[in-house]
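K.L.:
Let me begin by handing over the structure; questions about it come next.
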Amino acid sequence: MNFIVLTIFPQMFDAFWDHGIIKRAIDQHLITATALNIRDFASGKHRVTDDRPYGGGCGMVMKPEPLVGALRAAQKKLPGAKTVLLTPQGRVFNQSTAREFREYDGLVLVCGRYEGVDERVCQSVIDFEISTGDYILTGGELPAMVIIDAVTRLIPGALGAEDSAEKDSFSDGLLEHAQYTRPQEFEGQAVPSVLLSGNHQEIEKWRLESSLIRTFLKRRDLLEDKRLNNQEIDILSKWCSDIDKIIRAQSSRGTGSLPGAQ
Ligand code: 4GX
């Protein structure tokens, strides 16, 4: 995968390229990553990249010529790359989008600043308009990093020896199970004993239960959208009947206001 970012603040990416999984992916030639300065494609003594909006109003608009100049230079370096404009008006990025983008050979990420970019640029040279979420930032640089980060960790080999990318949250539509490390007791709280048992089948079952309950409590929307397999249905059904038993046991105590009870 090859990434080119178009930005007026290319130095923002220096630290990003230089740490952790991204750095290792670059060193291992799994990805290439460059930030091009849009200002280098602006003309005139002051290399201006923005201008006042036609029709008036406050704020500035990114001029089309430097942006398209930078885009053409990027496409020359990466023929066949897809162009992505980061904008709050785009399709909201998620794990499926990350998986979709991983299939491309190259991505050119266009970071807008100011109030936006000239509409004719969006229409003529942009393949996808993407938003990282419903909030307004000061520029597209952080969203570009979000996309590069999420796509890079899906590239085979990027996470190292483990196959963890596909076992993570969202790859199966569930949140990740609870995690523990040493010490065995921390501030009076013990690690669940099944995790110390060495029984891998029981551990896997506990992890699935943990994923299901966390998804139910924290992100019920994900569970509602998910196609459950038989084991997952069995676990949820067992909880239902266990909870039902607890509720029914109350009626013999004569407490509460159960349906049908007076
Ligand atoms: N997810 N912003 C872009 C300027 C802009 C506006 C319109 C193009 C068209 C954002 C987000 C985001 C703020 C980046 C406005 N550029 N980008 N910028 N949320 O808020 O992606």
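The values are calculated or read from the model by the stated rules, or taken from the named source; none is laboratory data. Predicted model, so just to flag it, every value in this text is computed and none were measured. Methodologically, a virtual Cβ is constructed for each residue, glycine included, from the backbone with ideal geometry; neighbour enumeration extends over all protein chains shown.
K.L.:
Quick check: is even one residue across the stretch 152-173 in contact (Cβ under 8 Å) with a residue 12 or more places away in the chain and in contact with a Cys (Cβ under 7 Å, 6 or more places away or on another chain)?
P.N.:
No; the residues of the stretch 152-173 include none that is in contact (Cβ under 8 Å) with a residue 12 or more places away in the chain and in contact with a Cys (Cβ under 7 Å, 6 or more places away or on another chain).
K.L.:
What residue, among those in the stretch 2-21 that are in contact with an Asp or Glu (Cβ under 7 Å, 6 or more places away or on another chain) and of a type outside the set (Ser, Thr, Tyr), is nearest to Ala158 (Cα to Cα)?
P.N.:
Looking at residues that are in contact with an Asp or Glu (Cβ under 7 Å, 6 or more places away or on another chain) and of a type outside the set (Ser, Thr, Tyr), I get Asn2.
K.L.:
Ok, one more. Provide a single number: the residues in the stretch 13-61 that are out of contact with any Phe, Trp or Tyr (no Cβ under 9 Å at 6 or more places or on another chain) and among the hydrophobic types (A, V, I, L, M, F, W, C).
P.N.:
So the count comes out to 13.
K.L.:
Here's another thing I want to ask about it. Using beta carbons and a limit of 8 Å, which pairs, at least six apart or on different chains, have the first residue in the stretch 112-133 and closer than 14 Å to Val61 by Cβ and touching a residue at least 12 places away in the same chain (Cβ under 8 Å) and the second one assigned to a loop (DSSP other than H, G, I, E, B) and near the ligand (Cβ under 7 Å from one of its atoms)?
P.N.:
Matching pairs, first to second residue: Gly112/Gly139; Gly112/Gly140; Arg113/Thr138; Arg113/Gly139; Arg113/Gly140.
K.L.:
So, one more: Would you check if there is a residue in the stretch 129-142 being within 16 Å of the ligand (Cβ to nearest atom), modelled with pLDDT of 95 or more and in a helix (DSSP H, G or I)?
P.N.:
Checked the stretch 129-142: at least one residue is within 16 Å of the ligand (Cβ to nearest atom), modelled with pLDDT of 95 or more and in a helix (DSSP H, G or I).
K.L.:
Further question on the same structure: Could you grab me the full set of residues in the stretch 86-98 that are aliphatic (A, V, I, L, M) and more than 8 Å from the ligand (Cβ to nearest atom)?
P.N.:
Val92, Ala98
K.L.:
Moving to a separate point now. For the stretch 239-258, check the following and say yes or no: at least one residue is outside any helix (DSSP H, G or I) and either at pLDDT 95 or above or within 26 Å of the chain's Cα centre (by Cα) (or both).
P.N.:
So the first thing to find is which residues in the stretch 239-258 are outside any helix (DSSP H, G or I), and the list is 252-258.
Restricting the remaining residues to those that are either at pLDDT 95 or above or within 26 Å of the chain's Cα centre (by Cα) (or both) gives none.
No - not one qualifying residue is present in the stretch 239-258.
K.L.:
Scan the stretch 23-76 residue by residue and report those that are hydroxyl-bearing (Ser, Thr, Tyr) and either free of Cβ contacts under 8 Å to residues at least 12 places away in the same chain or out of contact with any strand residue (DSSP E or B) (no Cβ under 7 Å at 6 or more places or on another chain) (or both).
P.N.:
Once the filter is applied, which keeps residues that are hydroxyl-bearing (Ser, Thr, Tyr) and either free of Cβ contacts under 8 Å to residues at least 12 places away in the same chain or out of contact with any strand residue (DSSP E or B) (no Cβ under 7 Å at 6 or more places or on another chain) (or both), the stretch 23-76 yields Ser43, Tyr54.
K.L.:
Then there is this: Any idea which of (1) in a loop (DSSP other than H, G, I, E, B); (2) exposed (fewer than 15 other Cβ atoms within 10 Å of the Cβ); (3) in contact with a helix residue (DSSP H, G or I) (Cβ under 6 Å, 6 or more places away or on another chain) is the one Glu202 doesn't satisfy?
P.N.:
(1)
K.L.:
Among the residues of the stretch 6-59, write down those that are within 21 Å of the chain's Cα centre (by Cα), part of a loop (DSSP other than H, G, I, E, B) and among the hydrophobic types (A, V, I, L, M, F, W, C).
P.N.:
The answer is Leu30, Ile31.
K.L.:
Hey, could you check the stretch 99-128 for residues that are surrounded by fewer than 20 Cβ atoms within 10 Å (Cβ to Cβ) and within 13 Å of the chain's Cα centre (by Cα) and say which is nearest to the ligand (Cβ to nearest atom)?
P.N.:
Among residues in the stretch 99-128 that are surrounded by fewer than 20 Cβ atoms within 10 Å (Cβ to Cβ) and within 13 Å of the chain's Cα centre (by Cα), the one nearest to the ligand (Cβ to nearest atom) is Glu100.
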